[in-house]
1. Going by a ≥ b ≥ c, the root eigenvalues of the Cα gyration tensor, does segment 141-193 fall in the rounded group (a/c under 1.5), the prolate group (a/b larger than b/c) or the oblate group?
2. So between residue 319 and residue 259, what do we pick up on full extension, going 0.36 nm a residue minus the alpha carbon distance?
3. Under a Cβ-Cβ cut-off of 13 Å, what is the net charge of the residues other than residue 54 that fall near it, where Lys and Arg count +1 and Asp and Glu count -1?
4. Report the full-extension gain for the segment residue 283 to residue 162: residue separation times 0.36 nm, less the Cα-Cα distance, to one decimal in nm.
5. If we count every other residue with Cβ under 9 angstrom of residue 135's Cβ, Lys/Arg +1 and Asp/Glu -1, where does the sum land?
6. Need one word for segment 233-287: rounded, prolate or oblate. Basis is the Cα gyration tensor (sqrt eigenvalues a ≥ b ≥ c); a/c below 1.5 gives rounded, then a/b vs b/c decides.
7. Report, in debye and to the nearest 20, how large the dipole of segment 134-248 comes out about its Cα centre when Lys and Arg carry +1 and Asp and Glu carry -1 on their Cβ.
8. Could you give me the ³J(HN,Hα) list for segment 69-74, computed from phi with Karplus coefficients 6.51, -1.76, 1.60 and θ = phi - 60°, whole Hz, x at Gly and Pro?
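Coordinate-derived values only; no laboratory data. The shown structure was predicted, so the numbers you read here are calculated from the model rather than taken from an experiment. Here the Cβ is made from the backbone with ideal geometry for all residues, glycine too, and neighbour counts use every protein chain on show.
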Amino acid sequence: MDISVDQLSKKKKIVLVGKDLDDGDLGTLAEVIEKSEVLEEINLMCNKVTLAEGKFVDALAKSKSLKNLSLYNNRVGPEGAERLAMALRDNRTLEQLFLEGNELGDKGAQYLAGALTTNKKLQCIILRGNEIGDAGAEALANMLVFNRSLTVMLLGENKITNAGATKLAGGLEYNAVMNQLLLDANPISPILDLKIKTVLASSTRKQPQESRALPKQIVEAMIAAKDEELVAKDAEKQKALAAKDVEIEGKDRKILRRETVLKAKVAELIRKDEEIAQLKKNLSKYEKLRQQVRDPIKLLQVYMKAKDAEIASLKSTIDDIMRPDQPPSEVAASSSEETGTMEAAPAQSGVAASSSEETGASLETGRSEETGGSLETGRSESSDVSDGPASAASEYTDATDHTNENRPPAAKVGNGKKDDLRSPLASKYLKKKKAAPLE
């Protein structure tokens, strides 16, 4: 609409008939209804209003001056009737409501009947041509028992039968203000139509409600309506609980996924902590080593020096075993400790003279006398190098045997064993000398 809200708020009557308006076009009009204090009538006949827009019905509930609202031949339907009924519960100004041709049905009539039970201002309601049947007529009949403001209700061109008409006639008996109730063009008998007119003209229905008991059918209808209301509320609660259960299940799944991710992260952190601990351990070892030798070259030198010392020790041991020209003093000393006697051992010439203090005999003199030859010949330069240790050992053995033939028996010393140059250690030494190749 091109007219501003302030201009419309000053009008008493707004007519927008056949403008092809829908709910989206009612925003400005809703502001006018809520703001104006002089607007009394709005005519929206022959449009496409469904009352799906909440702003319009909310403004209608807060109206300060609106008395007449015409929604003839629109598209309100049961859903729009439910929203309109919510507005009528709070509205305190509306006196006439025209809803002809909106396909309200029984549901729409029931919503409006519930609102009119407590509404104390509405005087006229037009519900012609809305496909209302007996269920809707029964709800309206129950409303008549409690409503004390409605004077005109037009229900022509609907689907109300004799059963619905009978309910309406019963409700009229407990309503003292209703003056006109029309059921023209409905499939009811003329007798029932006449009965309704008779009840409207009766003076007995003018009695106060407190002096008369409610009819049984009204009470039963009220109880059934309450039961339906409770069932509907219970269904809504169950639906809400089911939605909550679905929501909770979704949240539980999210929590489970988060716990799984959290466990994976915790495991990863534990693994990282272990790696860090190992790295710290290795770093600690490196720091200790670096504190000992801060220069890597010095560290390598220390390592090489230690290896050189080890190699030198091994070489010394090998040389002591492999050299044929070195007197095995340690071997002789060990042998003398075992036998208690100082024995003779080969020297650089092949045979070394060693005399025992107990025998006092010179091994060199005895050997030269008995053999008639000097062992110097055995180590002469012309002798073969490879025969040196073996020849010397052989000559040494022969010389010893010849000497022992002319010598007196050796005195028993030490452990009482006979003096023998070939002690176990000496024999081991000779075997190694024979087996080792000479360079």
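1. prolate
2. Contour length minus Cα-Cα distance gives 14.3 nm.
3. Computed value for this residue: -3.
4. Between residue 283 and residue 162, full extension yields 33.4 nm more.
5. -2
6. Prolate, since a/c reaches 1.5 and a/b exceeds b/c.
7. 460 debye
8. Rounded to whole hertz, the list is 10, 10, 10, 4, 6, 10.
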